[in-house]
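Here the structure is laid out as structure tokens; the discussion comes afterwards.
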Amino acid sequence: MDKTPILYWMRRDFRLADNPALTACDGRSVIPVFIRDHSVDDLGAAPKFRLGRAIGHFAKLLEGKGGRLILRRGDALEVLRDLIRETGAGAVTWNRLYDGTARDRDAKVKKALKEDGLAAESHNAHLLFEPWTVETQAGGPYKVYSPFWRAVRDRDVAPPCRVPDLSWPGDWPESDRLEYWALGAEMNRGADVVAEHLLLGEEAARDRLEAFIDTRVTDYKDDRDRMDRDGTSNLSEPLSYGEIGPRQCWQAGRRAMEQGSKGAETFLKELVWREFAYHLMFHFPRIDRDNWRAEWDDFPWRQDNNDAKRWKRGRTGLPIVDAAMRELYVTGRMHNRARMLVASYLTKHLMTDWRVGLRWFEDTLVDWDPASNAMGWQWVAGSGPDASPFFRIFNPETQAEKFDPDAAYRDHWLKGAGAEEFARAIPRSWPEDPKDPPPVGLKEGRERALRAYEDLKG
């Protein structure tokens with residue numbers, strides 16, 4: 001057996017359980033390393049802040065087991081080569097990512113390390129199904145969710161892999177100090193408020209999954225759209241940072257379904273919706289930048305504007321929209337029904353380019369995920385694959401009556417404790433609540449959007 005150390009290059013896989021790249025280190029002295037390269041520096045404020053918390057939490061977990069997490073900054077390949085020279089490591093292992101930037105970087109790293117005579121292995125920890133393993137009968141990628149779901153729902157999913165027996169080197173390479181990276185610096189004064197709402201670490205994620213399966217999954221199909229209830233899994237945050245794996249979630253959901261839970265299949269469909277987003281991003285890597293449907297390039301969306309600024313700040317004058325945007329700013333998350341509602345309002349009533357909203361979410365979501373964010377915005381806007389028709393325009397008042405019937409959600413964020421948290425979190429430069437009416441009447445906004453759509457169709 002090779003006795004040289006092995007570098008475990010961490011990215012979005014902050015867990016010990018079901019971690020194939022870490023399991024591949026079994027029997028060898030392992031040096032975990034996290035590299036702050038351009039992919040980290042390019043993150044929005046909230047995702048970067050949340051990543052810093054994930055790094056710190058996992059570093060303490062390793063320290064409790066006698067290990068360390070080595071932090072370095074720079075180009076990934078150069079850093080890895082430096083560590084190989086310093087430690088005598090004979091191999092590097094990591095878990096794959098699927099956005100275009102990460103794929104290009106990782107391919108460059110793997111090719112170069114192999115040319116250097118090193119073993120370089122990548123693994124799947126982030127998805128249930130590798131994007132290239134799911135094809136239509138014609139041999140191409142799926143572009144519609146329903147047949148994608150039918151293609152994978154009965155597939156065997158590998159069981160979560162075991163936690164390896166870890167051993168550590170006698171001598172550790174030098175490491176940066178996490179506090180010097182200041183990954184939360186762009187959060188202005190909101191970091192402490194958002195921190196109170198984080199679901200941080202592998203143990204917390206596992207507990208949340210177990211509680212959801214035990215107490216909420218049965219009613220998930222009905223409750224997941226209720227903004228006034230804790231009816232969702234709330235696992236998007238730990239899934240994004242790899243503090244829990246999709247196979248762990250799938251396994252728990254399948255068990256619940258086999259035991260007769262009526263909401264379990266809906267939960268599995270949501271996991272596969274995430275898979276579908278990555279399937280699309282892998283095959284169409286510009287989905288986060290370009291209209292999926294080229295004809296939408298001619299749609300008269302506005303770029304960033306004063307109405308969009310009011311939307312970002314939760315000050316449109318529409319209670320349900322403002323409540324949702326304040327939930328986002330305080331917690332770094334937003335109820336999924338609310339995400340669709342506020343996206344529809346921005347792109348249709350306010351006639352604002354979906355990329356304006358995508359960038360705001362990219363900056364403010366602690367559960368930000370490049371694939372789900374891009375697909376979600378294009379789906380609501382009508383410009384994407386398998387998109388909701390543009391003429392499906394959410395009415396905020398009707399949505400509030402249906403999914404927040406007693407106004408509990410709105411009251412919390414506009415009048416109650418949530419409003420107080422919002423006041424503590426926002427930049428001091430933001431103005432006080434305006435008394436202005438909404439930027440556009442709901443009927444007027446709907447009619448304006450539909451006229452533009454008809455003009456686009458010709």
### Message
Which of the strands (runs of 3 or more DSSP E) found entirely inside the stretch 13-100 contain at least 2 residues meeting this: closer than 24 Å to Pro285 by Cβ, touching a strand residue (DSSP E or B) at 6+ places or on another chain (Cβ under 7 Å) and touching a residue at least 24 places away in the same chain (Cβ under 8 Å)?
### Response
30-36, 91-95
### Query
Which condition does Pro159 not pass, out of (1) under 28 Å from the mean Cα position of the chain (by Cα); (2) touching a residue at least 24 places away in the same chain (Cβ under 8 Å); (3) within 26 Å of Gln248 (Cβ to Cβ); (4) surrounded by 12 or more Cβ atoms within 10 Å (Cβ to Cβ), if it passes all the others?
(4)
### Task
Kindly list, by first and then second residue, each pair from a residue in the stretch 335-350 that is in the same structural domain as Tyr220 (by TED's automatic domain parsing) to a residue that is modelled with pLDDT of 95 or more, limited to pairs with Cβ atoms under 8 Å and residues at least 6 apart or on different chains.
none
### Message
Can you confirm whether Trp132 is aromatic (Phe, Trp, Tyr) and surrounded by 14 or more Cβ atoms within 10 Å (Cβ to Cβ)?
### Response
no
### Query
Within the stretch 103-120, is there a residue that is assigned to a helix (DSSP H, G or I), in contact with a Pro (Cβ under 7 Å, 6 or more places away or on another chain) and under 24 Å from Phe282 (Cα atoms)?
no
### Task
Using the structure shown, decide if Val40 is modelled with pLDDT of 95 or more and more than 22 Å from the chain's Cα centre (by Cα).
no
### Task
Answer yes or no as to whether Glu265 is modelled with pLDDT under 95 and out of contact with any Ser or Thr (no Cβ under 6 Å at 6 or more places or on another chain).
no
### Query
Hey, any hits in the stretch 118-126 for a residue that's surrounded by fewer than 17 Cβ atoms within 10 Å (Cβ to Cβ) and free of Cβ contacts under 8 Å to residues at least 12 places away in the same chain?
no
### Query
Does the stretch 232-239 contain any residue that is touching a residue at least 60 places away in the same chain (Cβ under 8 Å), hydroxyl-bearing (Ser, Thr, Tyr) and surrounded by fewer than 22 Cβ atoms within 10 Å (Cβ to Cβ)?
yes
### Task
Out of the residues in the stretch 265-309 that are aliphatic (A, V, I, L, M) and part of a helix (DSSP H, G or I), state the one that is surrounded by the fewest Cβ atoms within 10 Å (Cβ to Cβ).
Ala294
### Message
Going by what's in this entry, would Asn373 be described as closer than 29 Å to Val40 by Cβ and either in contact with a Cys (Cβ under 9 Å, 6 or more places away or on another chain) or of a type in the set (S, T, N, Q) (or both)?
### Response
yes
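The values are calculated or read from the model by the stated rules, or taken from the named source; none is laboratory data. Since the model is a prediction, treat every value here as computed from it, not as a measurement. Note that each Cβ is placed from the backbone with ideal geometry, even for glycine, and that neighbours are counted across all protein chains shown.
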